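The values are calculated or read from the model by the stated rules, or taken from the named source; none is laboratory data. On a predicted model such as this, the values are computed, not experimentally measured, just so you know. Here the Cβ positions follow ideal geometry from the backbone for every residue, glycine too, while neighbour counts run over all protein chains shown.
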There are 2 protein chains.
Amino acid sequence: MQGFEPTEYQARVAGLQSAMVAEGLDALLLTTEADVRYLTGFLTRFWESPSRAWFLVLPASGKPIAVIPSIGAALMGTTWIDDIRTWRAPDLEDDGISLLTACLDEVLGGETGRVGLPAGHESNMRMPLQDFWSLQIARPNRAFVGDGNIVRAARSVKSAAEIEKIRHACAVAGRAFDRFGEILRPGTTKAELFRGYQRLALEEGADFVPYIAAGNGEWGYGDIIAPADSSEIRAGEVVMLDTGVIVDGYFADFDRNFSYGRLPRQEVRDAFAQLVEASAAGFEAARPGARACDLFAAMDQVVTGGENSADSGRFGHGLGMQLTEWPSLIPAETTELKPGMVLTLEPSIQTNSQGALLVHEENIVITNTGAAWLTSRSGPEITLVHPD
Amino acid sequence: MQGFEPTEYQARVAGLQSAMVAEGLDALLLTTEADVRYLTGFLTRFWESPSRAWFLVLPASGKPIAVIPSIGAALMGTTWIDDIRTWRAPDLEDDGISLLTACLDEVLGGETGRVGLPAGHESNMRMPLQDFWSLQIARPNRAFVGDGNIVRAARSVKSAAEIEKIRHACAVAGRAFDRFGEILRPGTTKAELFRGYQRLALEEGADFVPYIAAGNGEWGYGDIIAPADSSEIRAGEVVMLDTGVIVDGYFADFDRNFSYGRLPRQEVRDAFAQLVEASAAGFEAARPGARACDLFAAMDQVVTGGENSADSGRFGHGLGMQLTEWPSLIPAETTELKPGMVLTLEPSIQTNSQGALLVHEENIVITNTGAAWLTSRSGPEITLVHPD
């Protein structure tokens, strides 16, 4: 099925409302695509347009209230939300701010109250800063404060239905990678790989492919976020393609390393095997109660002997409605893992002193007793297509 | 060529720096993909990951300074920017805020100064709110203020090189629409149309297709932002597909209306012809010195006789590095058009009293004497594929 049953949203709302009590919040104000969708199921690519702000107010009890541009009323009306208040946006004088203020007054029973917004690491407030200032000025006795990270914490633990969606997205992206030989041939350019992989993923069932990055070289790659260019991939190079594939609003995010003609030099093959070993070590460490930093340490032990020298910053992250979600697998992140958390394991390794590196990425889910792979693991050898 | 010559960025910097003087700003702080790319050329899909903040500081004179996660250093190093300061992100203690504060101290020659951020309508600040508050607290005598909308104003006027990129994106999207008969057949579902159009656009040269929406029905559609579903398009219905197609970082954004088997009922054909007439009227009104609201009024005259009753909110908008940009074509927007502005003309019309509507969209550029079409105009008849 597309989306979720209303019970799924009811459970999410209940979870957040009890966290709001602990955090001393009288309401939550959500503004981003993922946060709004988390509580409503409102799914559209229309957020690609930055022109309009969208607001969702979660009271201390009861259902969320949508305060949104009228262009979204029909679609929001198809969700489980029934209190939908609209204005004709864009409005240069008052782009929903008095409507939102009135909604908060009603929910909070006056002009005061503590309104929480996601404000911590990896968060963003999607509304014009000036309108946020106006919101504060309109009610000087109302506190707009950080939400104590309760939204990101709630979203980090996925339901069974969410995990199935991510598993499905991983399968789609994986089937597209299985057909990589169709697009990686002598003379293939990086731009052709980008387009070709998107086409394969769409054929295999992707809704959208918003993220692709690739790197290639004899020793690995110097950059893992670069866009496409017209450079040709050569035989015996390693080429990495990293993708974010969406199916029904949930992402897969992993990469694969390939060569054509012949495998790359032995040092690169050995380094890749080490990465695969590192992700296996991360997987072994992954269980309820383990901390995010423990997974980092397990992988870093294999990759650098525990030197913590990965300049990319992290060895994985949460995954779900967004390509990357909290938490990060970094030395400082002591968050304990819980069943239902979906993570990427993404160790990287230097292959020479000129800064070339390899990256390898898989997706996992924390279970009651350990972890399970969501991706068909690659390795320990780089995948060779069209051998000479 | 990919990207632009350094002279393009120098001109953009010079334009903004003179606007900063008029606005009384000592520096600009930019945080979004489009704003950072506008001054640097930094092009990557990595912004799809919300985990890391990216900062660009534009001093009153001299080149912009990038204060960014180390994972972006290599790619930023390929641009014309040479002052690149990095930290290993994510950092839970200090995610670039002290590095950014030190950069601002250096640029502003102390702990004061007026720092402008895009804060008006259609803007967004892409960094955690808590980190923005920390930035303010660290320097209580520094003013972080709205930029007086100088960034959106600067970005709204495109250079010749930018216009060529948008023209190219429009041609790619248009060639994909020309092949619509390959994907719209008896039994085609909306989901197949979404995937099929993306595939066509990629084959025709799109880099990414981040936006698609579609509507269909005998009388038109009730929703113009809805996602795909498994419903089948029927013969004699009108089906609208609206897309945002990216080539080299610039968008085309327009829609097309099709039928298969037979044309829809006469009322719908007439309504569509009226929309085409409306966009022609918008085009006729488009010239330097005309105001955004004049284009709205010209189109609204044709569509509603001047009643201003379009609930979608607007009849077009700016277009460029983002799917939608300032200004909006609405009654209240009195901004004067300038040569180089790229706009969509997007009138909509009601076809019955049950709320069904049609939308028609083209892309234009304001020239020295009037306007020029960037899209191959559609109409006055709905495009029929596979006639019975």
In segment A:220-232, which residue that is touching a residue at least 40 places away in the same chain (Cβ under 8 Å) and buried (at least 21 other Cβ atoms within 10 Å of the Cβ) is farthest from the chain's Cα centre (by Cα)?
-> A:G220
Can you name the residue in segment A:289-325 that is modelled with pLDDT under 95 and hydroxyl-bearing (S, T, Y) and, of all such residues, is nearest to A:L343 (Cα to Cα)?
-> A:S312
Looking at this structure, is B:T112 within 14 Å of another protein chain (Cβ to nearest Cβ), surrounded by fewer than 19 Cβ atoms within 10 Å (Cβ to Cβ) and farther than 28 Å from A:W54 by Cα?
-> no
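If you check A:T351, A:T335, which single one turns out to be among the polar types (S, T, N, Q) and touching a Cys at 6+ places or on another chain (Cβ under 9 Å)? Give the derivation first.
Working: A:T351 fails: touching a Cys at 6+ places or on another chain (Cβ under 9 Å).
Going through A:T351, A:T335 in turn, the sole match is A:T335.
Taking B:V36 as the residue in question, decide whether it is under 18 Å from B:I65 (Cβ atoms), within 14 Å of chain A (Cβ to nearest Cβ) and outside any loop (DSSP other than H, G, I, E, B).
Working: under 18 Å from B:I65 (Cβ atoms): yes; within 14 Å of chain A (Cβ to nearest Cβ): yes; outside any loop (DSSP other than H, G, I, E, B): yes.
When the stated conditions are applied, B:V36 passes them.
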Any idea which of A:E162, A:E182, A:E192 is closer than 30 Å to A:M20 by Cβ and either in the same structural domain as A:G340 (by TED's automatic domain parsing) or basic (K, R) (or both)?
-> A:E162
Would segment A:134-146 turn up any residue that is hydroxyl-bearing (S, T, Y) and in the same structural domain as A:A22 (by TED's automatic domain parsing)?
-> yes
Confirm whether B:G72 is more than 9 Å from chain A (Cβ to nearest Cβ), out of contact with any Leu (no Cβ under 9 Å at 6 or more places or on another chain) and among the small types (G, A, S).
-> no
Inter-residue pairs, beta-carbon under 6 Å, first within 21 Å of A:A273 (Cα to Cα) and in segment A:338-349, second part of a loop (DSSP other than H, G, I, E, B), 6+ apart = A:T344/A:L319; A:T344/A:E361; A:E346/A:F315; A:E346/A:E361; A:P347/A:F315; A:S348/A:A310; A:S348/A:S312
Looking only at helices (runs of 4 or more DSSP H) that fall completely inside segment A:77-196, which ones have 3 or more residues that are basic (K, R) and under 24 Å from the mean Cα position of the chain (by Cα)?
-> A:160-178
Determine which single condition B:F132 fails, assuming it passes every other condition in (1) more than 8 Å from chain A (Cβ to nearest Cβ); (2) aromatic (F, W, Y); (3) touching a residue at least 24 places away in the same chain (Cβ under 8 Å); (4) under 21 Å from B:W54 (Cβ atoms).
-> (3)
Evaluate segment A:342-365: report whether one residue or more is assigned to a loop (DSSP other than H, G, I, E, B) and either in the same structural domain as A:E33 (by TED's automatic domain parsing) or under 21 Å from A:H121 (Cα atoms) (or both).
-> yes
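With the requirement that a residue be part of a helix (DSSP H, G or I) and free of Cβ contacts under 8 Å to residues at least 60 places away in the same chain, what does segment B:263-279 give you?
Taking segment B:263-279 and keeping what is part of a helix (DSSP H, G or I), we get B:266-279.
Residues satisfying the conditions are B:Q266, B:D270.
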Hey, among B:E333, B:E284, B:E307, which residue is touching a helix residue (DSSP H, G or I) at 6+ places or on another chain (Cβ under 8 Å), without any contact (Cβ under 8 Å) to a residue 12 or more places away in the chain and outside any strand (DSSP E or B)?
-> B:E307
Has segment B:250-264 got any residue that is out of contact with any strand residue (DSSP E or B) (no Cβ under 9 Å at 6 or more places or on another chain) and charged (D, E, K, R)?
-> no
Determine the pairs where a residue that is surrounded by 13 or more Cβ atoms within 10 Å (Cβ to Cβ), located within segment B:181-193, has a partner that is acidic (D, E) and assigned to a loop (DSSP other than H, G, I, E, B) with Cβ atoms under 6 Å apart, the partner being 6 or more residues away or on another chain.
-> B:K190/B:D229
Filter result for B:S61 (within 9 Å of chain A (Cβ to nearest Cβ), among the polar types (S, T, N, Q) and either in contact (Cβ under 8 Å) with a residue 12 or more places away in the chain or buried (at least 19 other Cβ atoms within 10 Å of the Cβ) (or both)) = no
All but one of (1) in contact with a Leu (Cβ under 7 Å, 6 or more places away or on another chain); (2) within 11 Å of chain A (Cβ to nearest Cβ) hold for B:L92; which doesn't?
-> (1)
Of all residues in segment A:261-312 being under 18 Å from A:S378 (Cβ atoms) and touching a Ser or Thr at 6+ places or on another chain (Cβ under 8 Å), the one that is surrounded by the most Cβ atoms within 10 Å (Cβ to Cβ) | A:M299
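So, in segment A:86-105, how many residues would count as being farther than 23 Å from B:L329 by Cα and surrounded by 18 or more Cβ atoms within 10 Å (Cβ to Cβ)? Show your work before the answer.
Going residue by residue through segment A:86-105, those that are farther than 23 Å from B:L329 by Cα are A:100-105.
Those still in the list that are surrounded by 18 or more Cβ atoms within 10 Å (Cβ to Cβ) too: A:100-101, A:103-104.
Qualifying residue count, segment A:86-105: 4.
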Do we have B:G355 as touching a Gly at 6+ places or on another chain (Cβ under 7 Å), at pLDDT below 95 and surrounded by fewer than 24 Cβ atoms within 10 Å (Cβ to Cβ) here?
-> yes
Within segment B:207-225, how many residues are farther than 30 Å from B:E162 by Cβ and in contact with a Lys or Arg (Cβ under 8 Å, 6 or more places away or on another chain)?
-> 3
Among the numbered conditions (1) free of Cβ contacts under 8 Å to residues at least 40 places away in the same chain; (2) under 30 Å from B:D35 (Cβ atoms); (3) away from chain A (no Cβ under 14 Å), tell me where B:Q198 comes up short.
-> (3)
Pick from segment B:201-215, criterion surrounded by 22 or more Cβ atoms within 10 Å (Cβ to Cβ) and facing chain A (nearest Cβ under 8 Å), ranking: farthest from the chain's Cα centre (by Cα) | B:L202
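Do you know which residues across segment B:135-158 are among the β-branched types (V, I, T) and away from chain A (no Cβ under 12 Å)? Even if it seems obvious, please write down each step before you answer.
Residues of segment B:135-158 that are among the β-branched types (V, I, T), as a first pass: B:137, B:145, B:150-151, B:157.
B:I137, B:I150, B:V151, B:V157, listed by residue number.
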